[in-house]
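The values are calculated or read from the model by the stated rules, or taken from the named source; none is laboratory data. Note that the coordinates shown come from a computational prediction; the quantities given were computed from them, not determined experimentally. Note that each Cβ is placed from the backbone with ideal geometry, even for glycine, and that neighbours are counted across all protein chains shown. To get the accessible areas, we keep the full protein, side chains included, count just its heavy atoms, and leave off ligands, DNA and RNA. Shrake-Rupley method; radii C 1.70, N 1.55, O 1.52, S 1.80 Å.
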Amino acid sequence: MILTGMILDVETTGLSPIQDEMIELGYVLFRYQTDTDVFLEITEEHSFLREPLSLSSRKNYEFAYRFHSIPFEDVKGKSFDNEKIKSAIQTADFIIAHNA
């Protein structure tokens, strides 16, 4: 059987789901042959940046920068393509996420 897998990674302004926000989301979709345990091909890959909106996320940005190394200028004025991200997630049969 051939499945579609997704490797998903995010960067945030911190670890609190209440006070912090995602600022980067990247993924790779790939096809995988389960019978032979063989990777077949990458079918799609994207990386999106997003400016944090909450005051707490903005205040924590300088501290978080030491971990993710994404300058604020790179995220300023940007937003995720939510429809493309949702569509890709719905395409995946399974998702591998770092620190999920």
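Computed over protein heavy atoms with a 1.4 Å probe, the carbon and sulfur contribution to the accessible area of the stretch 5-96 reaches 54%.
The angle separating the long axis of helix 55-68 from the principal Cα axis of greatest extent in the chain is about 60 degrees. Springs join every pair of Cα atoms under 10 Å in this Gaussian network model of the chain, and among Asp81, Asp35, Asp20 the largest mean-square fluctuation is at Asp35. A 1.4 Å probe run over the protein chains yields, for the chain, 68 Å² of accessible area per residue, whole-number rounding. Normalised by the number of residues in the stretch 10-100, the mean separation of alpha-carbon contacts (under 8 Å, six or more apart) gives a relative contact order of 26 percent.
Summing charges over neighbours of Pro71, with a neighbour being any other residue whose Cβ is under 13 Å away from its Cβ, gives -3 when K and R count +1 and D and E count -1. Per residue, the chain reaches -8000 deg cm²/dmol at 222 nm when only DSSP H runs of four or more residues are counted, each adding -39500 (n - 2.57).
Computing FRET efficiency as 1/(1 + (r/R0)^6) for Ile42 and Glu62, where r is the C-beta to C-beta distance and R0 is 35 Å, gives about 0.50. Axis angle, to the nearest 10 degrees, between helix 82-91 and the longest C-alpha principal axis of the chain: 30 degrees. Each label point was placed 7 Å from the Cα along the Cα-to-Cβ direction; for Asp35 and Lys86 their separation is 3.6 nm.
Each residue of the stretch 54-100 gets 118 Å³ once the volume of the Cα convex hull is shared out per residue.
When only alpha carbons are used to place a centre, the stretch 1-28 and the stretch 29-71 end up 5 Å from one another. For Lys59, the lysines whose Cα falls under 17 Å of its own Cα, not counting residues fewer than eight places away in the same chain, are Lys76. In this structure the amide hydrogen of Asp93, modeled in the peptide plane, comes within under 5 Å of the amide hydrogens of Thr4, Gly5, none closer than 5 places in sequence on its chain.
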